[in-house]
Every structure is written in C-alpha cells, then in structure tokens.
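Okay, so here's the structure we're looking at.
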Amino acid sequence: DYAVALCVAVVALNLYLVTLGPTITGEDSGEFVVAARVLGIPHPPGYPLYCLLAHCFTWLPFGEIAWRVNLMSAVCAACAAAMTALMVVYLTRNRFAAFSAGAALACSREFWAQAVIAEVYALNAFWFILCLLLLLRWTDTRKNGLLFAVALLFGLGMTVHNTFVLLIPT
C-alpha cells in the first residue's frame with residue numbers, strides 16, 4: 001500500500017519539477033517568497049506554519065530562493081497525492097483505484113497550478129488529507145493517540161489556511 005503511495009508521489013513530483021516555476025510567479029507568490037525568506041508575515045491571516053516550513057526550504061543549497069519555495073509547494077502537493085492514494089487504498093483495498101485517485105488529484109488542472117508556485121494550497125491539501133486519513137484510522141481503532149494527533153494537526157492546520165475550519169465535525 002505504501003508502494004502505491006510512493007509511486008504516486010514520485011510521478012507527481014517529477015511532473016511538478018518539470019513545470020516548476022523558476023522564479024516569482026503570479027498570485028501571491030512574491031509575497032510568500034519574501035515572507036518565507038525573512039520569516040515575515042504575508043497578508044492576513046499570516047500563514048505562520050507555511051512561512052516556517054518554506055523558510056526551511058530557503059536553506060537548500062541550490063536554485064533561486066523563489067524556486068526553493070516553489071519546490072516546497074511541489075513536495076507538499078506530491079505528498080497530498082500520496083496521502084490520497086493511501087486513503088483510497090485504505091477505504092477500497094484496491095491499489096489500482098488508489099493509484100488512479102492519487103494521480104487524478106496530482107494531475108487535476110487547479111491542483112497542479114497551485115503545486116508549482118509559492119502558495120499555501122498544496123500544504124493545506126496535504127495537511128487536510130493527512131487529518132482525514134488519521135480520522136479514518138481512529139474510527140477503526142479508537143486509539144486515543146490518533147485522536148490527539150488529529151487535534152494537534154488540526155490546530156496546526158488552522159495556521160496554514162483558514163479553510164481548515166471545514167474539517168470541524170457538525
């Protein structure tokens with residue numbers, strides 16, 4: 001099952017690397033690159049977790065700083081596609097369906113467009129899918145540790161993007 005997720009991640013990351021923005025791109029890219037580099041605060045709500053993680057990518061010893069922050073989006077998007085594959089294989093026990101679902105997410109137009117630029121949406125998708133996967137595991141096992149992990153990740157997810165509030169059960 002992990003092999004399927006790894007295959008999805010490798011394929012997606014290779015696709016993203018080929019089309020990765022080489023420098024500052026549109027949308028809020030410039031603002032996020034500068035905020036990541038200097039540990040600044042972009043427009044509200046500030047996206048602190050994104051800026052902290054992107055700052056770590058600015059330490060890479062290759063490429064322009066903007067390319068490195070764009071790379072973080074590509075890595076997060078590839079991880080989101082892999083988590084999607086894991087979730088589908090967990091729900092269906094069908095590896096082909098899992099690979100197809102992960103690849104479909106990775107190759108969808110809007111997701112791919114956000115995966116190759118400095119934006120918060122790839123990290124938000126990865127974090128959201130990770131929380132959903134842990135919640136699915138918790139429903140089967142009822143292990144408190146999983147629920148505590150989801151609570152922690154949910155709190156951190158709220159610092160990635162405010163749409164994370166949609167994960168709150170009604």
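Of all the options Val75, Val38, Val89, the one that moves most in a Gaussian network model of the chain with Cα springs shorter than 10 angstrom is Val38. Size of segment 1-60 from its Cα atoms: along the principal axes, largest to smallest, the extents are 38, 23, 22 Å. Where a ≥ b ≥ c are the square roots of the eigenvalues of the C-alpha gyration tensor, would you call segment 81-150 rounded, which needs a/c under 1.5, or, failing that, prolate if a/b is larger than b/c, or oblate? Since a/c reaches 1.5 but b/c is at least a/b, the shape of segment 81-150 is classed as oblate. Shape descriptor for segment 112-170: Rg over Rh equals 1.03 (Cα atoms; Rh from the Kirkwood inverse mean 1/r). The heavy atoms of Tyr121 offer some 100 square angstrom of accessible surface to a 1.4 angstrom probe. Among Gly145, Gly21, Gly157, the largest mean-square fluctuation in a Gaussian network model of the chain, built with springs joining Cα atoms closer than 10 Å, belongs to Gly145. Under the convention that each Lys and Arg Cβ holds +1 and each Asp and Glu Cβ holds -1, the size of the dipole of the chain around its Cα centre is about 540 debye. Does segment 36-94 come out rounded, prolate or oblate, given a ≥ b ≥ c as the square roots of the eigenvalues of its C-alpha gyration tensor, rounded meaning a/c under 1.5 and, failing that, prolate meaning a/b above b/c? Cα axes put segment 36-94 in the oblate bin.
Taking GluC sites (Glu not before Pro) in DSSP loop conformation with at most 16 other Cβ atoms inside 10 Å as exposed sites, the chain has its longest uninterrupted site-free stretch at 65-170. Taking only the alpha carbons of segment 52-170, we obtain Rg and Dmax values of 15.2, 46 Å in that order.
The values are calculated or read from the model by the stated rules, or taken from the named source; none is laboratory data. Every value quoted in this text rests on a predicted model; they were computed, and no experiment measured them. Neighbour counts run over all protein chains shown; Cβ positions are idealised from the backbone, glycine included. Calculation scope for accessible area: heavy atoms of the full protein, side chains included, ligands and nucleic acids excluded. Shrake-Rupley method; radii C 1.70, N 1.55, O 1.52, S 1.80 Å.
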